[in-house]
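Please treat every number below as a calculation from the coordinates, not as lab data. Since the structure is predicted, the reported quantities are computational estimates derived from the model, not experimental observations. Cβ coordinates were reconstructed from backbone atoms using ideal geometry, including for glycine residues, and neighbour counts include every protein chain displayed.
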Amino acid sequence: MEPEVKRFVADHVVELPKSGIRDFFELVAKMDDVISLGIGEPDFVTPWHIREAAIYALEKGKTYYTSNLGLIELRRAISSYVEKHMGVTYRPEDEILVTVGVSEALDLALRAIINPGDKVMYHQPCYVSYHPTVQLTHGIGVPIPTVASDRFGLDPEKVKSAWEPGCKVLLLNLPCNPTGGVTEKKKLEEIARFAVEKDLLVISDEIYAELTFEGVHTSMAALPGMRDRTIFLHGCSKAFAMTGFRIGYACAPAELIEAMMKVHQYSMMCAPILSQEAACEALLRGDESVKMMRDKYARRREVIVRRLNAAGLECHRPGGAFYAFPSVKSSGLSDDEFAMWLLKEEKVAVVPGSAFGLGGEGFVRCSFATSYDSLIVACDKIEMFMERLSQKS
Amino acid sequence: MNGVFKLLTEGEPLDESQMAEVLGVSIDDVRAQLTELKDAGIFLGWRPVLNPNVQEENAVRAVIEVKITPERDGGFNRFADRISRFDEVDSCHLMSGGYDLLVFVHGSSLQKVAAFVSERLSTIEGILSTATHFLLRSYKEQGYMLTQKDEDSGRLDVTP
């Protein structure tokens with residue numbers, strides 16, 4: 001008999017765990033009429049003026065490759081958008097790189113920076129791709145815990161105590177998927193000072209920046225001494241509801257962008273031109289659409305947090321993004337069991353927190369990028385589910 | 001303005017109990033806020049938005065441009081008020097530009113709308129002229145697309 005085909009797969013990929021979200025998706029996909037709070041993207045369709053810009057570009061025959069860095073018009077738009085909203089200035093010519101989503105930008109940043117064995121600090125629970133991307137670049141992940149009592153914000157003391165010799169990068173995602181955690185400016189400043197002290201490069205994925213519900217978002221790159229040691233990552237997916245367009249971007253000092261561009265030009269070449277054209281429209285004229293959507297998320301946040309707490313699931317108010325991250329401890333179930341039973345009995349899908357790494361166990365992620373209708377029905381069902389559980393025990 | 005007002009202006013299709021849920025108040029509070037808005041003359045009432053392309057009754061709709069000699073006291077207001085009171089009239093607006101009032105009317109047939117214009121509207125003293133345009137097909141009504149809707153998004157049920 002032939003040996004298994006798997007023998008061709010690289011060792012470090014064999015070792016790479018499959019995303020826990022994928023297993024859960026397979027399960028949900030087999031069921032009908034599921035109300036899903038498991039979706040990590042906006043429920044809004046991309047605003048029409050942005051879609052229309054993509055159609056117009058197609059009509060005009062814009063079907064070519066663009067510069068590896070991205071269309072210069074888009075880079076100019078990014079430059080002024082980032083300056084206006086984040087308070088940091090980047091040169092469109094050589095300090096901005098347009099990528100296929102922030103996921104590519106993160107991959108490029110790590111591939112351009114990490115030598116085998118370099119250590120990357122990142123906070124957990126976190127977005128599913130962080131640790132695997134570090135592993136794929138042969139780096140070593142150094143997790144920093146975040147906890148519910150801090151509303152999953154990043155505690156400078158925990159950053160300091162997690163640090164160990166060999167740490168080169170601090171990877172941040174604030175506001176955070178899955179926890180909705182944000183970190184106040186004062187603490188960020190302290191973390192920034194620590195990054196300077198330990199000579200850390202900060203990769204800051206701020207994809208949910210616009211979806212900050214309390215006060216204004218502070219960008220890591222805008223803090224004193226940080227611009228030249230930060231790779232700022234952002235994109236159009238969440239704020240402009242453009243996930244399918246796949247547009248992300250990286251802003252950083254020219255030498256770092258040049259390094260990332262090398263990897264990008266040999267792997268991706270460039271982001272799709274139609275998406276880039278749409279992104280131009282979004283960044284130049286999309287502020288009102290963003291505000292409308294943020295207002296709606298903000299109100300849904302109040303609804304879901306109130307209802308989850310009322311159902312007996314302790315849930316902090318997320319400071320940003322569109323995820324509630326309640327503890328399921330009171331149910332007496334693990335997060336996996338909770339998600340599975342809730343799906344089977346009530347046909348409501350939430351994502352087990354352990355899919356997001358250590359510290360996520362015992363929690364579930366409930367997306368409120370969902371219409372009021374579904375949100376209210378889902379909350380009713382969760383409440384019934386919890387009532388039944390308490391009767392059983 | 002109150003929370004109900006904000007929800008109404010956002011055009012969310014919510015009933016009273018859903019509004020209560022969203023705002024975190026009781027249904028009675030929602031009703032009280034609605035009454036408050038009604039009393040203030042801000043919220044006028046509920047009406048269904050129907051697709052004019054499939055309506056059978058009152059199937060004919062027209063827009064009429066009306067030119068008027070304004071009166072010394074009251075300007076256009078008395079005319080506008082008088083015209084607006086006809087049941088056939090859906091809405092009536094004072095306009096800048098080449099005519100004075102823009103009047104949206106409906107009727108069960110072309111003849112009935114025509115008769116309304118020639119017998120009721122244009123005979124009012126002070127009305128100089130009318131120009132009637134019949135609506136042939138509607139593409140968007142009160143914010144609702146009538147032609148092509150966004151298809152079911154195909155958003156996956158679980159994504160990172």
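A few comments on the model shown:
- Backbone amide hydrogens, once placed in the peptide plane, bring A:I203 within less than 5 Å of A:L170, A:L171, A:L172, A:I231, excluding anything fewer than 5 places away on its chain.
- Within segment B:102-140: backbone nitrogen closer than 20 Å to the B:R85 label point (7 Å, Cα to C-beta): B:102-106, B:116-128
- Where labels lie 7 Å past Cα in the beta-carbon direction, separation of B:R120 and A:K158 in nm: 7.0
- Inter-chain neighbour count for B:9-22: the average number of beta-carbon atoms from partner chains within 10 Å of each residue's beta-carbon is 3.
- Sequence ranges B:19-25, A:201-207, ranked by mean other-Cβ count within 10 angstrom, highest first: A:201-207, B:19-25
- Whole-angstrom gap from segment A:207-251 to segment A:64-116, using each part's C-alpha centre: 11
- For segment A:14-27, the Karplus equation 6.51 cos²θ - 1.76 cosθ + 1.60, evaluated at θ = phi - 60°, returns couplings of 4, 6, 5, x, 6, 5, x, 5, 5, 4, 5, 4, 4, 5 Hz by residue, with Gly and Pro reported as x.
- Between A:A53, A:Y65, B:T35, the Cα set farthest toward the positive side of the dipole of the protein assembly as shown (charges on each charged residue's Cβ, about the Cα centre) is that of A:Y65.
- Within 10 Å of each Cβ in A:373-379, the average number of Cβ atoms from other chains: 2
- Couplings 3J(HN,Hα) of segment A:202-212, computed from phi: 9, 9, 10, 8, 10, 4, 9, 3, 5, 9, 10 Hz, in residue order, whole Hz [Karplus 6.51 cos²θ - 1.76 cosθ + 1.60, θ = phi - 60°; x for Gly and Pro].
- On Cα atoms only, tilt of A:48-59 relative to the major axis of chain A in degrees: 50
- Over the residues of chain B, the helix contribution to mean residue ellipticity at 222 nm works out to -7500 deg cm²/dmol, using -39500 (n - 2.57) for each DSSP H run of at least 4.
- Amide H contacts under 5 Å for A:F152, placed H, 5+ residues apart: A:V147
- Of the trypsin sites (Lys or Arg not before Pro) found in segment B:77-160, those that fall in a DSSP loop while having at most 16 other beta-carbon atoms within 10 Å are B:R85, B:R137, B:K149, B:R155.
- For segment A:108-138, applying the loop criterion from DSSP together with a ceiling of 15 other beta carbons within 10 Å to the chymotrypsin sites (Phe, Trp or Tyr not before Pro) yields no site.
- For the residues of A:349-356, the average number of beta carbons from a partner chain within 10 Å of their own beta carbon is 1.
- Net length gained if the chain between B:R155 and B:F104 were fully extended (0.36 nm per residue, minus Cα distance): 14.4 nm
- Entries in A:K119/A:K262; A:K158/A:K296; B:K67/B:K140 that, when Cα-Cα distance is taken, lie over 29 Å: A:K158/A:K296
- Legend: translational diffusion of the protein assembly as shown by Stokes-Einstein, Rh = Kirkwood radius over C-alpha pairs, 25 °C, 0.890 mPa s; D = 91 µm²/s.
- Annotation note: trypsin sites (Lys or Arg not before Pro) in segment A:11-50 located in DSSP loop regions with a Cβ neighbour count of at most 16 within 10 Å are A:K18, A:K30.
- Amide proton proximity set for A:N177, modelled H, under 5 Å, gap of 5+: A:Y127
- ³J(HN,Hα) computed for each position of segment A:275-282 - Karplus, 6.51 cos²θ - 1.76 cosθ + 1.60, integer Hz, glycine/proline x: 5, 5, 4, 5, 5, 4, 4, 4
- Counting beta carbons within 10 Å around each of A:K84, A:K62 and listing the fewest first gives the order A:K84, A:K62.
- Beta bridge orientation in segment A:48-285: antiparallel %, DSSP, nearest 5: 30
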